[in-house]
Amino acid sequence: MDFDFENFYIENINSIYRYFFLRTGSENDSLDLCQETFLKVLRNKKLNRGYLFKTANSALIDYFRTKKNTFHISDSIFEPIFENEDNIFENMDFDFLKNVISESLNYIEKSVVELKILEKLTFKEASKMIQKSESATKMIFFRSIEKIKNKISSILFGKNY
């Protein structure tokens, strides 16, 4: 394996920083967590996004254990979810969509949707991150999208489709 850490870092730092910032709400903590994550990746010489995000997730869990903070979800986490979904939700209010997602999905479902759409991870990479099989991750993703669509349909039209 060609070990080109500099290019790997440049390609992934923004995604990892965003991953931490959307959850901690703190610029300083996010930078510290980025540093810790990339140092672990460098020490282990595993330059793949799946391992990177799994390491980031472990660092985040440790952060919350030591900080005893509540989980922070930024509003911007939901912005890109429906951007290119065949314009189904083109004229819907952002707050409405955010509330539907919050009410419809559990933590794992939100995580899978975010990892696939916002972070653009493959199902294989996302499955490593949430520690489920690739097929289970696909099922979670597609069922989550269906839950969101059904919730919106029931709100707008009074019935599920």
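The values are calculated or read from the model by the stated rules, or taken from the named source; none is laboratory data. Keep in mind the model is a prediction, meaning the values are calculated, not measured. Positions of Cβ are generated from backbone atoms using ideal geometry, with glycine treated the same way; all protein chains shown enter the neighbour counts.
Every residue, every condition in (1) under 18 Å from residue 112 (Cβ atoms); (2) of a type in the set (Lys, Arg); (3) in contact (Cβ under 8 Å) with a residue 24 or more places away in the chain, yes or no:
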site: 22; (1), (2), (3): yes, no, yes
site: 28; (1), (2), (3): no, no, no
site: 33; (1), (2), (3): no, no, yes
site: 36; (1), (2), (3): no, no, no
site: 42; (1), (2), (3): no, no, yes
site: 52; (1), (2), (3): yes, no, yes
site: 58; (1), (2), (3): yes, no, no
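Output the helices (runs of 4 or more DSSP H) that fall wholly within the stretch 26-139 and possess 1 or more residues being over 18 Å from the mean Cα position of the chain (by Cα), assigned by TED's automatic domain parsing to the domain that holds residue 15 and at pLDDT 90 or above, or say none. Show your work before the answer.
Numbers: elements: 27-44, 49-67, 94-104, 107-117, 123-130.
In the stretch 26-139, the matching helices (runs of 4 or more DSSP H) lie at 27-44.
Against the condition loosely packed, with under 12 Cβ neighbours inside 10 Å and within 19 Å of the chain's Cα centre (by Cα), how does residue 14 come out, does it pass? First the steps, then the outcome.
Working: loosely packed, with under 12 Cβ neighbours inside 10 Å: yes; within 19 Å of the chain's Cα centre (by Cα): yes.
Yes.
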Scan (1) closer than 25 Å to residue 145 by Cα; (2) modelled with pLDDT of 90 or more; (3) not acidic (Asp, Glu) for the single condition residue 19 breaks and write down its number.
-> (2)
Restricting the stretch 114-151 to residues that are touching a Leu at 6+ places or on another chain (Cβ under 8 Å) and hydrophobic (A, V, I, L, M, F, W, C), the residue that is nearest to residue 99 (Cα to Cα) = 148
Neighbours by Cβ (under 9 Å, 6+ apart or cross-chain): first from the stretch 111-137, without any contact (Cβ under 8 Å) to a residue 40 or more places away in the chain and of a type in the set (Val, Ile, Thr); second surrounded by 19 or more Cβ atoms within 10 Å (Cβ to Cβ) and assigned to a loop (DSSP other than H, G, I, E, B) = 112/105; 113/105
